[in-house]
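The values are calculated or read from the model by the stated rules, or taken from the named source; none is laboratory data. Only a predicted model underlies this, so the values are computations on that prediction, with no experimental measurement involved. Note: ideal-geometry Cβ built from the backbone for every residue, glycine included; neighbour counts use all protein chains shown.
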Amino acid sequence: MKNIPLDSAKRLLKALNQCGEWAVSSGLIERNAFAGMAREIRLPKSWEDDDIDPFTCMERDLIINQFKDNYYYKYYSDLVQFLFRTGCRPSEALALQWKHIDRRYNAISFQQALTCSENGLRIKTGLKTQEKRTFPCNEALREQLQVLRRKAAGSDDLLFPAPRGKYIDWSNFGARGWKTILSECGFRYRNPYQTRHTFITLALENGMSTQDVAKICGNSPDMIYRHYAGASRSIAVPDF
């Protein structure tokens, strides 16, 4: 914990714990010395959503295009584009299945999230602040969903599976793909949760009401106003 980032240490301890569990069940050792260690590491909440530092519209588009052009990480370009277009939490996007998409691609029903536990990645029902919410699709998002649908088979398929199936490891994506692309764009590092902050900020700047943004993003209007509206609004002092 003194030599690597806290999130990396937490992931490592989870992996070692799984190795320890296997060793105990295989009769190689009597006690798993790593049991419960990962739970003792508390990640600062600011690593997720307190540090609001959105991208501009131009920076957003450059990031998306850089993902599309990158040989190693172009697979994730659809996910990144989706996050910027919906402002949803990454955990909500990674748990999204085709049964949650309206047949005409007019709306998305967010109702579950991908979580990381001692036993690995799993989907839980319900969202961070509510049971579920509906997100209305604009034309650009509808077109993206239609293209993505051609690659899927069943309604239970994930919209954004890992390259080899199952779930995308968000921490690994952030430490590798996201960090690499931002470096190639010449941008200072900002965590990938800024996709959500960027959507909310741009939505407000382009005329959406605080209440509407709060409704489709799963926040309270008061939270949106305190953390986003005040910061994104230009203030001019009139002559008097």
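Exactly one residue out of Asp212, Asp169 is surrounded by fewer than 17 Cβ atoms within 10 Å (Cβ to Cβ) and of a type in the set (Asp, Glu): that is Asp212.
Restricting attention to segment 175-207 and to residues that are part of a loop (DSSP other than H, G, I, E, B) and buried (at least 16 other Cβ atoms within 10 Å of the Cβ), the residue that is farthest from the chain's Cα centre (by Cα) turns out to be Arg190.
Confirm whether Gln146 is in a loop (DSSP other than H, G, I, E, B), exposed (fewer than 14 other Cβ atoms within 10 Å of the Cβ) and in the same structural domain as Tyr189 (by TED's automatic domain parsing). It is false that Gln146 is in a loop (DSSP other than H, G, I, E, B), exposed (fewer than 14 other Cβ atoms within 10 Å of the Cβ) and in the same structural domain as Tyr189 (by TED's automatic domain parsing). Can you pull out the residues in segment 178-232 that are of a type in the set (S, T, N, Q) and over 21 Å from Glu59 (Cα atoms)? Once the filter is applied, which keeps residues that are of a type in the set (S, T, N, Q) and over 21 Å from Glu59 (Cα atoms), segment 178-232 yields Ser209, Thr210, Gln211, Asn219, Ser220. Restricting Lys179, Lys128, Lys132 to those that are assigned by TED's automatic domain parsing to the domain that holds Leu96, within 30 Å of Arg42 (Cα to Cα) and touching a residue at least 40 places away in the same chain (Cβ under 8 Å) reduces the list to Lys128. Looking across segment 208-229 at every residue that is among the polar types (S, T, N, Q) and assigned to a helix (DSSP H, G or I), the one that is farthest from Ile52 (Cα to Cα) is identified as Gln211.
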